[in-house]
1. With the crude spin-label approximation of a point 7 Å out along Cα→Cβ, what separation in nm comes out for A129 versus R88?
2. Determine the relative contact order of segment 44-122: mean sequence separation of Cα pairs under 8 Å and six or more apart, normalised by residue count, in whole percent.
3. Work out the FRET efficiency for E196 and S99 from their Cβ-Cβ distance, taking R0 = 25 Å, and round it to the nearest 0.05.
4. Order 46-55, 148-157 from most to least packed using the mean count of other Cβ atoms within 10 Å.
5. Per residue of segment 112-129, in order, report the coupling 6.51 cos²θ - 1.76 cosθ + 1.60 (Karplus, θ = phi - 60°) as ³J(HN,Hα) in whole Hz, putting x for Gly and Pro.
6. Order 92-101, 114-123 from most to least packed using the mean count of other Cβ atoms within 10 Å.
7. Tell me, what is the FRET efficiency for L31 and A113 to the nearest 0.05, using R0 = 22 angstrom and their Cβ-Cβ distance as r?
8. What is the gain in length, in nm to one decimal, between R188 and S49 on full extension, counting 0.36 nm per residue of separation less the C-alpha to C-alpha distance?
Amino acid sequence: MTSRGTRRVGSIAPTRPASGAQERAERTRALIMEETVRCVVEEGFAAASAKHIAERAGVTWGVIQYHFGDRDGLLTAVVDASFDELRRRMAALGVPVGSVRDQVSALVEAAWAAFCTPASRASLEIAVATRSQRDAETGEHFALVAAELTRLGEELIAERQHHGDARAVGHLLWAALRGLVFAQLATREPLDTSRERAALVDLLVAHLEPGPAGVTPAGVTPAGERLTRDAS
């Protein structure tokens, strides 16, 4: 999956010139993508037919073809844009100064805020629903987001006497946050995930803080191997 203008998206190429940058056209393109996100989040992926999206956006199918080529091209554009935004938000995060618990709590809450946006939720649902057609570009999206989480894990581990595994911390953040998003996607009612996020904070704090005489917290190997295995 790639952004508009880099290569052909979907099975039918859009007719809008790649260099087009008219303000009205950009507003229309953004509106169609926003309605696609809302449709997936509110009604589920199955409801996101080309006809229904066009109706929601108040445009004709020809307008969608002009901007995206076909439904696959539209879905590709939505996933590209939302993953790019998620990665930018994650790249802007850093570990604040404070106690281990303060650092972990702030990081988990900031990462969750980035993951649970409507665009992020919709992109994850689309990526799962179209997994049989997934190309290398979508896998790269996942890898780049995971790399940002690993970077944050490295910042948490940095200069601590207790030897932890930054990659394991990043994997755990990635798996836990995705899991919470998928739990929300499975139900129509808003879910309160505050207890789950608090449990994640407790687990990370226990992993990062040295125990008595350097004892590793129960259930976590010195190299974080179990966390890595469970999160893979």
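Computed from the coordinates by the stated procedures, all read-outs in this text should not be read as laboratory data. Source: prediction; values computed, not measured. Positions of Cβ are backbone-derived with ideal geometry, glycine not excepted, and every protein chain shown enters the neighbour counts.
1. 2.5
2. 22
3. After rounding, the FRET efficiency stands at 0.70.
4. The densest-packed peptide leads the list: 148-157, 46-55.
5. With coefficients 6.51, -1.76 and 1.60, one gets 5, 4, 6, 6, 9, 5, x, 5, 5, 4, 5, 5, 5, 5, 5, 4, 6, 5 Hz.
6. In decreasing order of mean packing, 92-101, 114-123 become 114-123, 92-101.
7. After rounding, the FRET efficiency stands at 0.35.
8. 48.1 nm
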